[in-house]
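These notes are about the structure you will find just below.
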Amino acid sequence: MSNNVDFLIIGGGAMGSGTALSLAQGGHEVLLLERFEPGHVNGASHGTTRNFNPAYAQPEYLRLLQRANTLWDEISLQANTQLLTRTGLVNHGIVAEQRAMHQVLAGAGFASELLSIPEAQERFTGMKFETEVLHIPAGGQINADAAVSTMQALATGAGATIKHHHQALAIEVIDDELVRVRVRHQDSESTVSAKHLIVTAGAWTHHLLGVHNLPAIHVTEEHPVHFALSSTSAKFPGFNHIVDGRRDIGSRVFGPVYGMHTPGQGIKVGWHGSGQVTDPDHRKHQVIEEQILGLQQYAQRWLPEVDSQVYESVSCTYSNTDDENFILDRLGPITIGAGFSGHGFKFVPAIGEYLAGLALGTRGSEPLFSASSTQRAPLFLERRRALGIS
Ligand SMILES: Cc1cc2nc3c(=O)[nH]c(=O)nc-3n(C[C@H](O)[C@H](O)[C@H](O)COP(=O)(O)OP(=O)(O)OC[C@H]3O[C@@H](n4cnc5c(N)ncnc54)[C@H](O)[C@@H]3O)c2cc1C
């Protein structure tokens, strides 16, 4: 392993892998260090499904989405592996929001349609609807495990060096073009010097960079479940149910509901951002019984073709910023990609390109993603407080 590199990336999850791919295919020297083994389940990027939901209103996200929409297909072609399966995606719950989003998507080049309840019922037989539905045909599911391993393989093919079981312990900024990082591998420690450092360490970002001068990141342990299918013929798109707090949805509400079909595992359903705040190095890996019960009651009402008594839970971390907007910024010789707040996977190859551009100095950051905006609106905590989640 070279101890003197141009670009050093800490963190081989989805974001670090996407950045390594973009830099390596751009002809740049890249070393990526990942503390755990390939395919590990300790972070936020494991498992076989993530929703690709284009329903975003802010132009910053729409630009990233349009780019990711293209890049997922390009990378799949390069690797001859389909990473994004376009099953279609539905958003339902608050009609006014869906109608406004229908307009926004048209302007962003994403076709969508508003379906009446009978139309949606007929098309998506595995689900129940009580409001008009926004259907986005370009939506679908990304295979997270395959995406990470594919991007790492393509990056390595383009000349990147990827080292697993290498943990960055400390970062020392020497000047604007020199950072030293102490690294542990098995029982030995060494120092890597880099012209530029990219930190994509997910839930461990504050562990590595400290909390001062960075936006708050609340790490939560999330537990969606896979319910067994009771009918193999039922049709399921990806789905987001924005729960209208004034309506009874048949269970206590712990957040917006998201879900999708995970082939071979059933229907994945979760409350968004409802997990226990945790330290990523001391996770309990413990489900919250009342939230699981809530998901079962939800399934009984809204997912008639699943068996709500047969399920398996998944454990994974969210890195939530106060306003649930990402941190994509550069501070001197360090570029940071963090705070993906449970909705980052759909953007991965575009975020990789964005972070590579920041590191190369070929692009600037945007106020929405600034690492200096430490006073962000406390939307995440307020939503949890309103739902009685501590
Ligand atoms: C249950 C769940 C459901 C989700 N559903 C969706 C969805 O439907 N759609 C969507 O778009 N997004 C979704 N997401 C969000 C998405 O998965 C994340 O935004 C994304 O995976 C974040 O990637 P990351 O690379 O930042 O984090 P991680 O994958 O956690 O990567 C960080 C990496 O850094 C490594 N690391 C940390 N510290 C060090 C160190 N000191 N030295 C070396 N390596 C280090 C870690 O081991 C880890 O591999 C979901 C997330 C979860 C948890």
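Once you divide the Cα radius of gyration of segment 26-85 by 2.2 N^0.38 Å, the number left is 1.41. Legend: calculated FRET efficiency, S313 to H282, from the Cβ-Cβ distance at R0 = 22 Å, rounded to 0.05, equals 0.70.
Along segment 307-320 the Karplus relation, 6.51 cos²θ - 1.76 cosθ + 1.60 evaluated at θ = phi - 60°, assigns HN-Hα couplings of 9, 5, 8, 10, 8, 10, 8, 10, 10, 6, 10, 9, 10, 8 Hz to successive residues, with x for each Gly and Pro. Annotation: the antiparallel percentage among DSSP beta bridges lying fully within the chain is about 75. Note on the chain: with a GNM built from Cα contacts shorter than 10 Å, the maximum mean-square fluctuation among R246, R123, R301 falls on R246. For the pair S233 and K163, label points projected 7 Å from Cα toward Cβ lie 5.7 nm apart.
For the chain, with all protein chains in place and a probe radius of 1.4 Å, 50% of the accessible heavy-atom surface sits on carbon or sulfur. Take T81: with every protein chain present and a 1.4 Å probe, its accessible area is about 50 Å².
Please give the helix 144-157 orientation as an angle from the longest Cα principal axis of the chain, in degrees from 0 to 90, rounded to the nearest 10. The angle comes out near 30 degrees. Add -39500 (n - 2.57) for each DSSP H run of 4 or more in the chain, then divide by its residues: what number comes out at 222 nm, to the nearest 500 deg cm²/dmol? After summing the helix terms and dividing by the residues of the chain, the value is -8500 deg cm²/dmol. Each residue of segment 171-180 was assigned a 3J(HN,Hα) from its phi angle through the Karplus expression (A = 6.51, B = -1.76, C = 1.60, θ = phi - 60°), giving 10, 10, 8, 8, 7, 5, 10, 8, 10, 10 Hz with x at Gly and Pro. The equivalent ellipsoid of segment 175-278 has semi-axes of 41, 19, 13 Å, largest first, where each one is the square root of 5 times an eigenvalue of the Cα gyration tensor.
Across the chain, the mean sequence separation of Cα contacts (distance under 8 Å, 6 or more residues apart), normalised by length, yields a relative contact order of 23 percent. Which of the pairs K163/K268; K235/K284; K268/K346; K163/K195; K163/K346 have their Cα atoms more than 28 Å apart in this structure? Among K163/K268; K235/K284; K268/K346; K163/K195; K163/K346, the Cα-Cα distance tops 28 Å for K163/K268; K235/K284. Here's how it looks for V306: its modeled amide H is under 5 Å from those of S230, which are all 5 or more places away or on a different chain. For R376, no residue whose modelled amide H falls within less than 5 Å of its own remains once neighbours fewer than 5 places apart on the same chain are excluded. Roughly speaking, what is the centre-to-centre gap between segment 332-386 and segment 26-98 when only Cα atoms are used, to the nearest Å? Here the answer is 15 Å between Cα centres. Across q = 0.08, 0.11, 0.13 Å⁻¹, segment 4-386 modelled as identical point scatterers on its alpha-carbon atoms has Debye log10 I(q)/I(0) values of -0.40, -0.76, -1.06, in the order of the q list. The slack in the chain from K128 to T191, taken as 0.36 nm per residue of separation less the alpha-carbon distance, amounts to 17.0 nm.
Against the longest alpha carbon principal axis of the chain, how many degrees, from 0 to 90 and to the nearest 10, is the axis of helix 289-302 turned? Long axis of 289-302 versus the principal axis of the chain: about 50 degrees. With θ taken as phi - 60° and the Karplus curve 6.51 cos²θ - 1.76 cosθ + 1.60 applied, the whole-hertz 3J(HN,Hα) list for segment 99-116 is 5, 5, 5, 4, 5, 4, 5, 4, x, 9, x, 9, 5, 8, 9, 9, 9, 6 Hz, x standing for glycine and proline. For R283, no residue whose modelled amide H falls within less than 5 Å of its own remains once neighbours fewer than 5 places apart on the same chain are excluded. One chain, two ends: R63 and N4. Fully extended at 0.36 nm per residue, the span grows by 17.8 nm beyond their Cα-Cα distance.
Between Q66, Q296, Q78, the residue with the greatest mean-square fluctuation in the GNM of the chain (Cα pairs under 10 Å linked by springs) is Q78.
The values are calculated or read from the model by the stated rules, or taken from the named source; none is laboratory data. Predicted model, so just to flag it, every value in this text is computed and none were measured. Reconstructed Cβ throughout: ideal geometry from the backbone, glycine too, with neighbour counts over all protein chains shown. These accessible areas exclude ligands, DNA and RNA; they are computed on the full protein's heavy atoms, side chains included. Shrake-Rupley method; radii C 1.70, N 1.55, O 1.52, S 1.80 Å.
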